[in-house]
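Participant: One structure follows; several queries about it will come next.
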Amino acid sequence: MPWCPKCKTEYQEGIEKCADCGSDLVDELPEEEAAISEEELAEAEESAAEEVVIGEDGEEINLDDLSEEEVEALREEIKRKSEPAKLYVSKSDESKDMVQTAVTFLVFAVILIVLFVLGALDAIPWFSSIPSVIVLGAMSLGCCLVGINAALRAKRAQSKVGEEENLKKRVREWLDTNIKKEEMEEKFASVEPEEVRYIKEVEYVKDELMKEIEGLDEALADTMVEAFFDEKMN
């Protein structure tokens, strides 16, 4: 396997230059340098084994001090936080967004239709050529279709606002009735550190909620459970 004579980094066959320093790779290192390289690699592996992460309270968490289950839960939480959040958009907000989209595209459609007509009548020389008229016609039609589709979506979303509010009320009532701070603390008292315990509690409540209310949107469940914890469990 080729090695970099400066960085002491081993590369796969077929690579000729070091990606870090640009040096030409050699087939093997001198015996002393290879020994040093292996020693440095062992130190790096040992350091990596003592992986430390920073908790929400700013304290270091040594993963060697945690059980496999706790480490896995902590890694899942770190992964979850690093991924784009799945935000729940209420039907009311969705309706407002769709109305705004519909108005915007329909206004553009009207403007384009006016230009299309004036161009077709040769009233505006810039838009009177056949290619221009075709382009304006296609664009105006496209804007009309998008605007109409957005308006229909806004209407559908608005029709579900009352149903959504009833669902949210049902979720809040279930959480208030079934989730008590003292019971949760007792149930997860043996789980450490605090970050892992919080993850376990939230996931447990969310799972129980999803079982109780079939078909509940997962993003809505996440939003409401986390809001409940922030308000009632801290």
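The numbers here are math on the coordinates, done by the rules we state, and not lab data. No experiment lies behind these values; they were computed from the predicted model shown. Cβ atoms come from the backbone with ideal geometry, glycine included; neighbour counts cover every protein chain shown.
Participant: Determine, at each q value in 0.16, 0.17, 0.25 (inverse angstroms), the log₁₀ of I(q)/I(0) that the Debye formula gives when each Cα of segment 124-216 is one equal point scatterer.
Facilitator: The calculated log intensity ratios at q = 0.16, 0.17, 0.25 Å⁻¹ are -0.83, -0.87, -1.19.
Participant: Within 11 Å, Cβ to Cβ, of R172, how many net charges do the neighbouring residues add up to if Lys/Arg are +1 and Asp/Glu are -1?
Facilitator: 0
Participant: Compute the projected area of the convex hull of the Cα atoms of segment 169-222, averaged over all viewing directions, and report it in nm² to one decimal place.
Facilitator: Values: hull surface 15.3 nm².
One quarter of the hull surface, i.e. the mean projection, equals 3.8 nm².
Participant: Further question: Note the direction-averaged projected area, equal to a quarter of the hull surface, for the Cα convex hull of segment 91-159, in nm². If you can, show how the numbers build up before the last one.
Facilitator: Working: hull surface 16.6 nm².
Seen from a random direction, the Cα hull of segment 91-159 projects 4.1 nm² on average.
Participant: Please identify the GluC sites (Glu not before Pro) of segment 153-234 that satisfy two criteria: DSSP loop assignment and at most 10 other Cβ atoms within 10 Å. Which are they? Walk me through the numbers before you get to the answer.
Facilitator: Values: sites: E163, E164, E165, E173, E182, E183, E185, E186, E194, E195, E201, E203, E208, E212, E214, E218, E226, E231; in loops: E214.
Passing both the DSSP loop test and the Cβ count: E214.
Participant: Using a 10 Å cut-off around each Cβ, can you sort W174, W126 from fewest to most neighbouring Cβ atoms? Please report the intermediate quantities before stating the final value.
Facilitator: Values: W174 17, W126 9.
The fewest-first ordering by Cβ neighbours comes to W126, W174.
Participant: Next up: Within the set K155/K232; K168/K200; K211/K232; K160/K200; K155/K200, which residue pairs have Cα atoms separated by over 31 Å? Before the final figure, lay out the partial values.
Facilitator: Details: K155/K232 35 Å; K168/K200 23 Å; K211/K232 21 Å; K160/K200 33 Å; K155/K200 39 Å.
Listed pairs above 31 Å: K155/K232; K160/K200; K155/K200.
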